[in-house]
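The values are calculated or read from the model by the stated rules, or taken from the named source; none is laboratory data. The structure displayed is predicted, hence computed values, not measured ones. FYI the Cβ positions are ideal-geometry reconstructions off the backbone, even for glycines, and counts take in every protein chain you see. For the accessible areas, the whole protein counts, side chains as well, though only heavy atoms, and no ligand, DNA or RNA atoms are used. Shrake-Rupley method; radii C 1.70, N 1.55, O 1.52, S 1.80 Å.
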Amino acid sequence: MPMETPEKLNLTIKPLTPELAADYFDFFENRAFTDASPYRCYCQVYQMTRDEALAVLEQAKERDPGRVAREAAERQIASGALRGYLAYADGVAIGWCNANDRSSYPADPAWAVPFHAPQENREKAVVCFEIAPEYRGKGVATALLRRVLEDARAKGYAAVVGFPVLRAERFEWDFHGPLRLYEKAGFVKASEPDPEGRVLMRKALA
């Protein structure tokens with residue numbers, strides 16, 4: 001069966017704004033993890049410093065952890081710290097890509113991946129994808145990455161980077177995006193694999 005294209009899906013992509021917060025949480029709470037994915041989050045951890053993450057963990061000991069995580073994401077969306085793109089099919093959010101200026105990610109992150117880079121590097125980072133299970137393999141992540149590249153180029157960024165993990169076989173919950181996704185978009189390896197098999201992929205725009 002031929003793969004459905006974003007056009008056939010009636011796919012649209014919108015940058016996350018505070019006005020779209022309800023769509024964001026609707027996606028994460030009702031469609032993102034319906035396939036027994038081991039991950040349950042609101043993509044909030046990438047924007048946290050180590051101390052912020054520890055504080056949230058302390059709160060989660062006394063309160064519902066999901067509620068605490070959601071509140072952290074709510075604050076990040078309101079402040080503009082959490083940025084990226086929502087993919088919609090027929091007006092319903094079915095996909096997400098966390099993408100932001102690398103200088104906006106913490107230099108002392110809770111997540112031990114080097115997303116941060118100085119502002120003068122003028123690089124945008126793509127750090128996470130989440131696609132509703134029934135829409136995977138239909139070009140949604142490709143469309144999201146294409147939009148990141150288009151906007152980054154229009155705003156004068158020098159490059160876009162991603163952080164896929166090298167794997168011997170397909171992994172359903174490859175939330176950094178698989179290597180082939182970046183290769184198809186013209187990214188090239190800019191580092192050797194780290195101990196977890198993660199590589200820096202980079203696409204120059206300037």
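When Glu150, Glu192, Glu120 are screened for being free of Cβ contacts under 8 Å to residues at least 40 places away in the same chain, in a helix (DSSP H, G or I) and farther than 23 Å from Leu9 by Cβ, only Glu120 passes.
For Ala53, the test of being among the hydrophobic types (A, V, I, L, M, F, W, C) and either under 14 Å from the mean Cα position of the chain (by Cα) or at pLDDT 90 or above (or both) is failed. Considering only residues in the range 165-183 that are touching a Leu at 6+ places or on another chain (Cβ under 8 Å) and assigned to a loop (DSSP other than H, G, I, E, B), the one that is most open to solvent (accessible area, probe 1.4 Å) turns out to be Arg167.
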